[in-house]
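Trainee: Next up is a structure, given as structure tokens.
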């Protein structure tokens, strides 16, 4: 990732999300390995951050697409790479949060197999926020018998 790409990712995140803290290109660059992004016409058109939250759980954060590139498959492209990286990193569960009422995001994540599992009130933004999860490695229907320990 170049510094210019990091600056564009930060701008895209700030423009397309209702964030409490604004991103800077330098912050994005520090965590560059956590980002998936797509360039179009020489500029970042879509991005998503993925990061390990627990040994079994990864978080998908701030999936964002420039307005002029919406509906062209870029959200799916960056999300798919983020999910693949999480699986390769040993993730069993993916989680994201979505501001309640953000129907486009809810629809997208539902199509990817996520389920809303709860919600909380976030005072800093005065919003209710939904917690969404996707199980990547379902429990076995026939777990092997364990020897008494």
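Trainee: Can you pull the one-decimal nm distance between simple spin-label points at residue 4 and residue 115, each 7 Å off the Cα toward Cβ?
Mentor: For the pair residue 4/residue 115, the computed spacing is 4.6 nm.
Trainee: According to the Kirkwood expression over distinct Cα-Cα pairs, how big is the hydrodynamic radius of the chain, in Å? Could the numbers behind the result be given before it?
Mentor: Details: mean 1/r = 0.0607 Å⁻¹.
In the chain this quantity evaluates to 16.5 Å.
Trainee: Within region 1-16, list the residues whose amide N lies under 16 Å from a label point set 7 Å along Cα→Cβ of residue 41.
Mentor: Of the residues in region 1-16, 12 have backbone N under 16 Å from the label point off residue 41.
Trainee: Counting each DSSP H run of 4 or more residues in the chain as -39500 (n - 2.57), what helix-only mean residue ellipticity at 222 nm follows after dividing by all residues, to the nearest 500 deg cm²/dmol?
Mentor: Values: 4 runs with 44 residues, N = 149.
It lands at -9000 deg cm²/dmol.
Trainee: Over all pairs of distinct alpha carbons, what does the Kirkwood formula give as the hydrodynamic radius of region 63-149, in Å?
Mentor: Values: mean 1/r = 0.0660 Å⁻¹.
15.2 Å is the Kirkwood radius here.
Trainee: State, to one decimal in nm, how far the label point of residue 93 lies from the label point of residue 21, with both points 7 Å from Cα in the Cβ direction.
Mentor: Calculated label separation equals 2.4 nm.
Trainee: Going by alpha carbons, how many degrees (0 to 90, nearest 10) lie between the helix axis of 3-16 and the longest principal axis of the chain?
Mentor: 80
Trainee: OK, next. Quick check: the angle from helix 74-88's long axis to the longest principal axis of the chain, C-alpha only, nearest 10 degrees?
Mentor: So the helix axis and the longest Cα principal axis differ by about 40 degrees.
Trainee: Let me ask something additional. If eta is 1.306 mPa s and T is 10 °C, what Stokes-Einstein diffusion coefficient results for region 29-79, Kirkwood Rh from Cα pairs, in µm²/s? Can you show the working numbers first?
Mentor: On the way: Rh = 11.6 Å.
Rounded to a whole number, D works out at 137 µm²/s.
Throughout, read-outs are computed from the coordinates displayed, never taken from laboratory work. Note that the structure is predicted; figures quoted are calculated from it, not measured. Cβ coordinates were reconstructed from backbone atoms using ideal geometry, including for glycine residues, and neighbour counts include every protein chain displayed.
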